[in-house]
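The values are calculated or read from the model by the stated rules, or taken from the named source; none is laboratory data. For clarity, every value in this text was computed on a predicted model and none was experimentally measured. No Cβ is skipped: glycine too gets one built from the backbone with ideal geometry, and neighbour counts run over all protein chains shown. Accessible surface areas use protein heavy atoms only, side chains included; no ligands, DNA or RNA. Shrake-Rupley method; radii C 1.70, N 1.55, O 1.52, S 1.80 Å.
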Amino acid sequence: MNLKRMIKSNLLTSITRFLSGIGYRMIARVWRLGAGTRLFFLTIVYSGESFRRFHLTLREIYFTGVMSLLIIIVSAFFVGMVLALQGYNTLQKYGSSEAIGVLVALSLVRELGPVVTALLFAGRAGTAITAEIGLMKTTEQLSAMEMMAVNPIARVVAPRFWAGVISMPILAALFSMVGVLGGYLVAVPLIGVDSGAFWSQMQANVDVRDDIVNGVIKSVVFAVACTMIALFEGFDAPPTAEGVSHATTRTVVISSLTVLGLDFVLTSFMMVV
Amino acid sequence: MTSNIVEIDNLSFGYKGRLLHKGINMAFPRGKVVAIMGGSGSGKTTLLRLIGGQIKPTQGEVRVDGKVVHEQDRDGIFLLRRKMGMLFQHGALFTDLSVFDNVAFPMRELTDLPESMIRDLVLMKLNAVGLRGAHTLMPTELSGGMARRVALARAIALDPCIIMYDEPFAGLDPISMGVICDLIRSLNDALGATSIIVSHDVKETFLIADYVYFVADGVVAAEGTPHDLMQSTLPFVHQFVHGEKDGPVPFHYPAANYQSELLNQQL
Ligand SMILES: Nc1ncnc2c1ncn2[C@@H]1O[C@H](COP(=O)(O)OP(=O)(O)O)[C@@H](O)[C@H]1O
Ligand SMILES: [Mg+2]
């Protein structure tokens, strides 16, 4: 009897603890979301300098954009080639292997270009941004800037933000272009699909408004999300070696999940509208 | 205009409810070198951050040049900070900029000076700390003492009237320590500035300070000229100044009875 009551009360406390743990984590998540949003608005407010002194932004475009070129181009090439192989395999069963060009182009422009670019960007440039800003915080460089009456959001965060927002759509466009080239090389010289059919079908079926503009919208949204997450994680990192390393990991995890989730939301909107 | 450029009035501050400062009063007269001393964790760095307006006091106020720091809006704080230069504990040099660009940073950010004049000014500041020859180096290529001197050149880039030093001697070899020591005094006098030194190195600090405040347990435990403090019979000051390991500040962190803790296997 007594034992039963003890188990019951123990169970009750562990359930309470479990629930309050969930609540605590939820509150922490919501709090971070709010803090991130606040940083986003402050970044927009203090963006003037990034354009007035555009060389600040240009320098970051070099570090985030230009330095990501190689990984983007190589990945795009392989993705395009695999698309062509897989696509041909399926299409030829229905006797429409000339549609391979359309398949490759649409997959890239609509989905793979923006999404894979964003994922690669989070891993290549996002982590670098988080680590750099986290380390600047750890070594009191941001504090020093503040004490010099220089706003770190205007001087450090905003130029990196705009650099990401400018670079990523260009990288995504490049990804699609190189991907199509990779698909062409597999489909035409390798498999022997007619070159004229490959290009003309693509030209006839890829729509500027529905496909290309939508792809660009996606990659701009992903750019804002990925860059902002990387910046916030760095800015918010506890000023220790461990804090910065955790923040860097979180940048990749949160960016990737956000990009995939947003992709679903955006795609459904674009299908409806 | 009062003769004190910085005044701290009945100041209390704490992180997360635990009070770190409990009613501190200090005055920093123009043109003087004033030191704030105390053990590690006694809130010295926090005091500098309160003067710079990076955090707000729980109670009381800090006045810089007659203006209450925590009542200023963002622009007001930035105006006050333009009168201050701060040397951070580890220098806090911008690692992505060269020595030259680090010192030029405040000038480029806060003034409209032409690049040719900035160049002359930067070389002048670097010359004052003896590192004009190092202006092309990156911060990672500097020794600890050199980095501290570059940071000092950056702190005085815009000729501040208040220069704050956070542990300027910590972790330096004796030669660099002497160099920094001389620099603090000579720069203070050359610029006509007021210097605030936060430190726990008694020998160096006493050599250059005009006046010294001791903080302990959140209050000013003692104050006076270095000469007076050397003679002080206050137990705490005596222990600190003469570096005795046990005294009013115990060697042992409060703990349970040693014997019973050893005998008791559980932790
Ligand atoms: N941002 C912060 N949040 C919470 N506690 C802090 C923070 N900064 C410092 N502290 C705590 O305040 C105390 C005093 O810190 P500090 O002013 O750096 O001391 P000192 O410079 O005299 O060594 C320390 O115990 C430290 O742990
Ligand atoms: Mg300190």
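Data overview
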quantity	calculated
Accessible area buried, both sides summed, chains A and B with 1.4 Å probe, Å²	1900 Å²
Inter-probe distance in nm under a simple model that places probes 7 Å from Cα toward Cβ, at residue B:58 and residue A:268	4.9 nm
Sites residue A:44 and residue B:19, calculated FRET efficiency, Cβ-Cβ separation with R0 25 Å, nearest 0.05	0.10
Hz values of 3J(HN,Hα) by residue in the stretch B:187-204 - Karplus curve (6.51, -1.76, 1.60), Gly and Pro given as x	5, 4, 6, 5, 8, x, 9, 10, 10, 10, 10, 9, 6, 10, 8, 5, 4, 5
Probe 1.4 Å, accessible area per residue of the stretch B:138-267, Å²	53 Å²
³J(HN,Hα) computed for each position of the stretch A:120-132 - Karplus, 6.51 cos²θ - 1.76 cosθ + 1.60, integer Hz, glycine/proline x	5, 4, 4, x, 8, 8, x, 4, 4, 5, 4, 5, 5
Fluctuation leader among A:196, A:65, A:80 - chain A, Gaussian network, Cα springs under 10 angstrom	A:196
Options A:45, A:77, A:125, ranked by Cα towards positive dipole end of the stretch A:1-132, top entry (Cβ charges)	A:45
Cα-based shape type of chain A, given that a ≥ b ≥ c are square roots of the gyration tensor eigenvalues and the cut on a/c is 1.5	oblate
Theoretical FRET efficiency, 1/(1+(r/R0)^6), r = Cβ-Cβ of residue B:217 and residue B:242, R0 30 Å, to 0.05	0.95
Fully extended contour minus Cα-Cα distance, from residue A:19 to residue A:203, at 0.36 nm per residue	60.6 nm
Phi to ³J(HN,Hα) by Karplus 6.51 cos²θ - 1.76 cosθ + 1.60 over the stretch B:99-115, Hz, x for Gly, Pro	3, 4, 5, 4, 6, 6, 3, x, 5, 5, 6, 10, 10, 10, 4, x, 4
Placed amide H near residue B:93: partners under 5 Å, 5+ positions off or other chain	none
Environment charge at residue B:199 (Cβ cut-off 11 Å; Lys +1, Arg +1, Asp -1, Glu -1)	-2
Sequence-distant residues sharing a close amide H with residue B:86 (under 5 Å, placed H)	B:164
Protein accessible area in chain B, 1.4 Å probe - carbon and sulfur %	54 percent
Beta bridges per DSSP with both ends in the protein assembly as shown, % antiparallel, nearest 5	55 percent
Whole-angstrom gap from the stretch B:107-185 to the stretch A:150-166, using each part's C-alpha centre	27 Å
Shielding by partners, peptide B:99-112 (average Cβ within 10 angstrom, other chains)	2
Placed amide H near residue B:36: partners under 5 Å, 5+ positions off or other chain	B:197, B:198, B:199, B:213
With every protein chain in place, chain A: carbon and sulfur % of accessible area (1.4 Å)	71 percent
Residue of B:66, B:145, B:91 that the Gaussian network model of chain B assigns the largest fluctuation, springs spanning Cα pairs under 10 Å	B:66
Residue of A:69, A:58, A:190 that the Gaussian network model of chain A assigns the largest fluctuation, springs spanning Cα pairs under 10 Å	A:190
Point-to-point label distance, residue A:217-residue A:240, nm (Cα→Cβ direction, 7 Å offset)	4.6 nm
Mean-position separation - Cα centroids, the stretch A:63-82 and the stretch B:73-103, in angstrom	39 Å
